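The values are calculated or read from the model by the stated rules, or taken from the named source; none is laboratory data. Everything numeric in this text was worked out from a predicted model, so none of it was measured. Cβ placement follows ideal geometry from the backbone for every residue including glycine, while neighbour counts extend to all protein chains displayed. Each accessible area value is taken on the protein alone, full model and side chains, heavy atoms only, with ligands, DNA and RNA left out. Shrake-Rupley method; radii C 1.70, N 1.55, O 1.52, S 1.80 Å.
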Amino acid sequence: MGFSHTSVLLEETVQSLNIRPDGIYVDGTLGGGGHSYEICKRLSPKGRLIGIDQDAAAIAAATERLGEFRDRVTVIRSNYCEIREQLNNIGVTSVDGIILDLGVSSYQLDTADRGFTYREDAPLDMRMDQRQMRTAKDIVNDYDEMELYRIIRDYGEDKFAKNIAKHIVRARQEKTIETTGELIQIIKAAIPMKVRAVGGHPAKRTFQAIRIELNNELGVLSDSLDTMIELLNDKGRLSIITFHSLEDRIVKNSFRKNENPCTCPREFPVCVCGKKSMGRVVTRKPILPGEEELAVNKRAKSAKLRVFERSREKEKV
């Protein structure tokens, strides 16, 4: 199938960047190019859009979609955690805005053989970058019971994590777990019937946990935020869409720390630690999808947009 993805909070995200027509902007999760297309429409021929994605299908789709703006677009296959190195490679040292649309794309969910979905039977894959050797199958079959319990508890926030891990280990002693369908049946057996009858899909949280672990999603996010803020020009903005509480907490805490990095005890009358603010949090509360968007895109339900604005002046104070 062709790459298809409905960009969440599209207008709100693009507006949050306060785009300068001749500025340089980075879409760190290019996907199908939805956000990037709207950014490019607002750029003059002197402006520039740099799109980064690790998924080959996304790179191909976005390159085609942004074709009319090819004079101002650079597309790079990479992980956004390598943003500084990738920008240095093309001679860019600072930018006017960066966006991240985190999580898994509609295309990845809807393409069964990518192994992200729990609604169809397919090989256990879940790689966002298919150049990566390890797959979800390796995690399911190689992690010990405590490791499985940890990731399902921490990344899936599933109260039945312990029992799910136990059932996975027991099942793989009989045979290697090869497909999403096999894993789903194991998870269902680990969750009480009455819970399955009233809750969402019983495999949702475990699939999320395995995907996050496999692609190191939270580690990549946490390790990249300070660098992205450092790369921004004065008044440049970092706009991030998250889809679950773990991502949102990392973004919220990082933005707060960059706004107020002082580590001095509260009783100190003046700051002596020497740490200077990198800017300000624009969104004291996250921007959420409106009723109109939720009516046409149910995957937008858990989306939250947070925005940080860089201030170079505060570094000089």
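Tabulated data
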item: Compactness index (Cα Rg / 2.2 N^0.38 Å), the range 162-283; result: 1.57
item: Protein-only accessible surface order, largest first, of Thr180, Thr263 at 1.4 Å; result: Thr263, Thr180
item: Computed E for Asp129/Met193 - FRET, C-beta separation, R0 51 angstrom, nearest 0.05; result: 0.85
item: Euclidean distance of C-alpha centroids, the range 276-317 and the range 23-78, integer Å; result: 21
item: Estimated FRET transfer efficiency when R0 is 41 angstrom, pair Glu145-Thr93 (beta carbons, to 0.05); result: 0.30
item: For the range 89-121 and the range 149-193, distance of Cα centres in Å; result: 26
item: Under DSSP loop assignment and at most 16 Cβ neighbours within 10 Å, longest GluC sites (Glu not before Pro)-free interval of the chain; result: 1-119
item: Cβ charges +1 (Lys, Arg) and -1 (Asp, Glu), total dipole of the range 129-180, debye; result: 140
item: For the chain, calculated [θ]222 nm from helices alone, where every DSSP H run of n ≥ 4 adds -39500 (n - 2.57); result: -12000 deg cm²/dmol
item: Two-decimal log10 I(q)/I(0) for the range 230-299, as the Debye equation yields it once each C-alpha is a single scatterer, q = 0.12, 0.25 Å⁻¹; result: -0.48, -1.18
item: Length-normalised contact order of the chain in % [C-alpha pairs under 8 Å, at least 6 apart]; result: 17
item: Charge dipole magnitude, Cβ of K and R +1, D and E -1 - the chain, Cα centre, debye nearest 20; result: 940
item: Of Ser105, Met126, Ile229, farthest towards positive along the dipole that unit charges on Lys, Arg, Asp, Glu beta carbons give the chain; result: Ile229
item: 0 to 90° range, to nearest 10: angle between helix 161-174 axis and the chain longest Cα axis; result: 50
item: Compactness of the chain as Cα Rg over 2.2 N^0.38 Å, two decimals; result: 1.07
item: Degrees, to the nearest 10: 180-190 long Cα axis against longest axis of the chain; result: 70
item: Unit charges on C-beta of K, R, D, E only; dipole of the range 1-135, Debye; result: 400
item: Convex hull volume of the range 93-140 per residue (C-alpha atoms, cubic angstrom); result: 114
item: Theoretical FRET efficiency, 1/(1+(r/R0)^6), r = Cβ-Cβ of Lys162 and Ser222, R0 22 Å, to 0.05; result: 0.25
item: Computed over the range 91-206, Kirkwood Rh from alpha-carbon pairs, angstrom; result: 15.5
